[in-house]
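K.L.:
Questions regarding the structure given below will be posed in turn.
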Amino acid sequence: MKKLLLGLLASLLFCVPAFAHPPITVFVDQVQVNFDQQPIIKDDRTLVPLRRIFEALDAEVFWDEPSQSVTAVHGTDVILFQIGKAELYKNGKLTYTMPVPAQIINDRTLVPLRAVAESLGCDVAWDGIDYIVDITSDGTPAAKPTDKPVYEEQDTPMSGGYASKVTAPDGTVVLNAELRCDEVTVGSGRTSINGDMANETYGQGEGFLQAYGERALREYAENPDGFRPYYYMGTYTLMREQDGYASFLAAVSSYDGEEESVQYFSHTYDLTTGKEVDLDDLVSDSREDLEYLWTVSFLALADKDPDAFYSNVEKKLEKNLDQVDFYLTEDGIAFYLSPGIIAPPETGAVSFAITYSF
């Protein structure tokens, strides 16, 4: 092990902002659609990966690279549009002008969901509270409500995350808990690591459901028109999976009936042994040296953009140095503080990164 070097410091605001809402979930005929690139909202429109949504709607997709155009065949209908252009043609006629055109983001072609679905004759319903898109393509009616609340709980920890919800007797979802988790694919310790992360997501999600499920049902029964569904949703992202270490960073947003909040969690593992490691296992710096590094770095960020931080940032930092956590990046270590500690929640988490070779 060696010490961290201040000379290698590269400070920046954390690149994963606080969630303003839960992740977007898309259902087609009551079946959830899973995407390799998560849906996004741009200019108040939901964009989703092109191929996966067309396949979910039973359409065959053809991509023409020279013209950057997409052709989709659905029964006797042929849909055509181009990347970056708003016009959508159906059977040779302009039938839809998309408020946001199809575009390429993170090497994936994303299309406006409502425009695509409606062009294929589907009905689209948007739940702006729980961020759920419900598409009906075949006219199948929704399931009849029961006379009792339903807890759809995940029975055991599972790789890939946790998903459960609580439904009121009239079919309204009053609480939704969903945590997605990347899986480690290399190293002899990967099975143990994935097991630990399955236990982590299960414990977090199940804990929220058990703590707030009954309260959500009670509040909905008392005021169904003014009720806002509870949620606990987020993603555990694998930030590093190389050179002997796997490191996860989670951003989880929640609403418990009283306030919205965002929490960050991080875990780092030895890929060979499958054991979780802490900062002392990775660097030889003393606690005093680390606190000096954190203080100098976080205050440097505050000096750079004072409006994004609390006015008494120095005092708040001094009192909360024990809240500093870390995760590994592809080329070093990042240290972070969760929202609301030295900056308002809307600023998001605050972090700086250091280039470091293990």
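K.L.:
Just to be sure I understand, how many residues within the stretch 258-282 are out of contact with any strand residue (DSSP E or B) (no Cβ under 6 Å at 6 or more places or on another chain) and at pLDDT below 90?
P.N.:
Within the stretch 258-282, residues that are out of contact with any strand residue (DSSP E or B) (no Cβ under 6 Å at 6 or more places or on another chain) and at pLDDT below 90 number 2.
K.L.:
When the residues of the stretch 183-195 are filtered to those that are part of a helix (DSSP H, G or I) and open to solvent by 60 Å² or more (accessible area, probe 1.4 Å), which remaining residue is nearest to ASP155 (Cα to Cα)?
P.N.:
Looking at residues that are part of a helix (DSSP H, G or I) and open to solvent by 60 Å² or more (accessible area, probe 1.4 Å), I get THR191.
K.L.:
Here's a follow-up. Taking ARG180 and the conditions (1) surrounded by 14 or more Cβ atoms within 10 Å (Cβ to Cβ); (2) modelled with pLDDT under 95; (3) more than 19 Å from the chain's Cα centre (by Cα), which numbered condition does it fall short on, given that it satisfies the others?
P.N.:
With (1) surrounded by 14 or more Cβ atoms within 10 Å (Cβ to Cβ); (2) modelled with pLDDT under 95; (3) more than 19 Å from the chain's Cα centre (by Cα) applied to ARG180, the lone miss is (3).
K.L.:
Do you know which residues across the stretch 237-264 are out of contact with any Gly (no Cβ under 7 Å at 6 or more places or on another chain), touching a residue at least 60 places away in the same chain (Cβ under 8 Å), open to solvent by less than 40 Å² (accessible area, probe 1.4 Å) and over 19 Å from ASP331 (Cβ atoms)?
P.N.:
Those that are out of contact with any Gly (no Cβ under 7 Å at 6 or more places or on another chain), touching a residue at least 60 places away in the same chain (Cβ under 8 Å), open to solvent by less than 40 Å² (accessible area, probe 1.4 Å) and over 19 Å from ASP331 (Cβ atoms): VAL262, TYR264.
K.L.:
In the stretch 265-276, what residues are surrounded by fewer than 16 Cβ atoms within 10 Å (Cβ to Cβ) and part of a strand (DSSP E or B)?
P.N.:
GLU276
K.L.:
Being more than 26 Å from SER247 (Cα to Cα), at pLDDT 90 or above, in contact with a strand residue (DSSP E or B) (Cβ under 9 Å, 6 or more places away or on another chain) and among the hydrophobic types (A, V, I, L, M, F, W, C) narrows it down to one residue among ALA302, ALA343; which is it?
P.N.:
Unique residue meeting the criteria: ALA302.
K.L.:
Additional query: Just to be sure, is TYR212 under 22 Å from ASP155 (Cβ atoms) and in contact with a Ser or Thr (Cβ under 6 Å, 6 or more places away or on another chain)?
P.N.:
no
K.L.:
Pull out all pairs, ordered by first then second residue, where Cβ-Cβ is under 7 Å, the residues are six or more apart or on different chains, the first lies in the stretch 86-109 and is open to solvent by less than 40 Å² (accessible area, probe 1.4 Å), and the second is among the basic types (Lys, Arg) and not in a strand (DSSP E or B).
P.N.:
PRO101/LYS85
K.L.:
Restricting to the stretch 34-54, count the residues that are hydrophobic (A, V, I, L, M, F, W, C), surrounded by fewer than 20 Cβ atoms within 10 Å (Cβ to Cβ) and in a strand (DSSP E or B).
P.N.:
Of the residues in the stretch 34-54, 2 are hydrophobic (A, V, I, L, M, F, W, C), surrounded by fewer than 20 Cβ atoms within 10 Å (Cβ to Cβ) and in a strand (DSSP E or B).
K.L.:
Applying the selection to the stretch 202-233, what residues are loosely packed, with under 13 Cβ neighbours inside 10 Å and of a type in the set (Asp, Glu)?
P.N.:
Listed by number, the residues that qualify are GLU222, ASP225.
K.L.:
Additional query: State the number of residues belonging to the stretch 339-355 that are out of contact with any helix residue (DSSP H, G or I) (no Cβ under 7 Å at 6 or more places or on another chain) and farther than 15 Å from ALA300 by Cβ.
P.N.:
Residues of the stretch 339-355 out of contact with any helix residue (DSSP H, G or I) (no Cβ under 7 Å at 6 or more places or on another chain): 340, 344-346, 348-349, 351, 353.
Narrowing the set further to residues that are farther than 15 Å from ALA300 by Cβ leaves 340, 344-346, 348-349.
Selection size over the stretch 339-355: 6.
K.L.:
Just the residues that are crowded, with 20+ Cβ neighbours inside 10 Å and in contact with a Ser or Thr (Cβ under 8 Å, 6 or more places away or on another chain), please, taken from the stretch 58-77.
P.N.:
VAL70 - this is the single residue of the stretch 58-77 that is crowded, with 20+ Cβ neighbours inside 10 Å and in contact with a Ser or Thr (Cβ under 8 Å, 6 or more places away or on another chain).
The values are calculated or read from the model by the stated rules, or taken from the named source; none is laboratory data. Since the model is a prediction, treat every value here as computed from it, not as a measurement. Glycine also receives a Cβ, built like all others from the backbone with ideal geometry; neighbour counts cover every protein chain displayed. Side chains included, ligands, DNA and RNA excluded: accessible areas come from the protein's heavy atoms. Shrake-Rupley method; radii C 1.70, N 1.55, O 1.52, S 1.80 Å.
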